[in-house]
Amino acid sequence: MATAMTNTGSRAPVRRWISTKPPTPLAWSVLFAELTDGESAKQWGLAAGLFIVHHRRRHAHGPTFSEVFEHLLPETRGVPSHAVEDWTGQDWYLARHRFRMAVVFAWSRMGYVDYDPGVARSLRPGRRLTGLIERNERIRSLAGEPTPPESKALQRVAMNASLNPEQAVTRLHTTRRFIDRATKAGFLHAVEVADNEVRYPAWQFSPDRNKPVVDGVRLIASSIPAEWTLATIHRFFTTPRAGLKSKRQAQSPVRWLNLGRNPAAIAIILEGYSYDIG
């Protein structure tokens, strides 16, 4: 039995997260299982919680449920699939509403998000996510960071490892217009190094020709402290981190991403550098 908030905003369990008349589309059932069960649910819950952190930092209040799902599912504007022909307008509204409520309820039980039922824009990071960020902030402090001032050598290395827009076009076999659009939407991370000059840090580019950009760029880039320079970013992503272990060995964020591991783990470490989730 799935659980969800009712239309009045309570946390009471309901028998169905969506009306069964007409039947629930397969795409909705499959995505619901992915979002709320197993390891995949943890990744989605972390992604939702981190988006809420970023939104609250920018706007001083939580996002709407709609904004969360539109961020997580941009290709379909926040729903598992587009409108179903057999659904009336009321069917469509109830399906979308109950689906989102049930998923957020599941994430709240896992500790990644929290909210006040019936209160607009009350979404906030859950206790588990807050604890993870606090833990990484404490580890960073105890380790003696922040790191020493940047050397000119590190600045040169960072510049050489990054791409200018024309090089990014060549690397991704695309157009400058696409690069600009992807950057504006957050799917590519650009850093301003001088007036009207930007560089694309190397961490986001994969050696895999079939997948030239690593997963999670939007999630990770949103957690990078705004004051970090290109050299600071390069140092962070190329330094092994105790929180990123594979086969008992600490991995650098770059290596972690190239192994296909969860990008949320990197975002959580980055949040520890600017811990303020309100």
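The values are calculated or read from the model by the stated rules, or taken from the named source; none is laboratory data. The shown structure was predicted, so the numbers you read here are calculated from the model rather than taken from an experiment. Glycine gets a Cβ as well: all are built from the backbone with ideal geometry, and neighbour counts include every protein chain shown. For accessibility, only protein heavy atoms count, side chains too; no ligands or nucleic acids. Shrake-Rupley method; radii C 1.70, N 1.55, O 1.52, S 1.80 Å.
Structure data summary
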item	result
Extent along principal axes [Cα atoms of the stretch 196-278; Å; largest to smallest]	33, 33, 21
Cβ crowding within 10 Å averaged over residues, with 102-108, 88-94, 157-163 ranked highest first	102-108, 157-163, 88-94
Segment A153-D37, extension gain: residue separation times 0.36 nm, minus the distance between their alpha carbons	37.1 nm
Table column - 3J(HN,Hα) (Hz), the stretch 244-253, Karplus curve with 6.51, -1.76, 1.60, x for Gly and Pro	10, 10, 10, 6, 6, 10, 5, 10, 6, x
Long-range amide H partners of Q251 with built H, under 5 Å	R241, L244, K245, S246
Sorted peptide list for 200-213, 119-132, criterion being average Cβ within 10 angstrom, highest first	119-132, 200-213
Sites A27 and R57, calculated FRET efficiency, Cβ-Cβ separation with R0 35 Å, nearest 0.05	0.60
Simple spin-label estimate for A242 and S81 in nanometres, 7 Å along Cα-Cβ	4.8
Carbon and sulfur %, accessible surface of the stretch 195-270 computed with the full protein complex present, 1.4 Å	44
For S122, residues with placed amide H under 5 Å, excluding near neighbours	D116
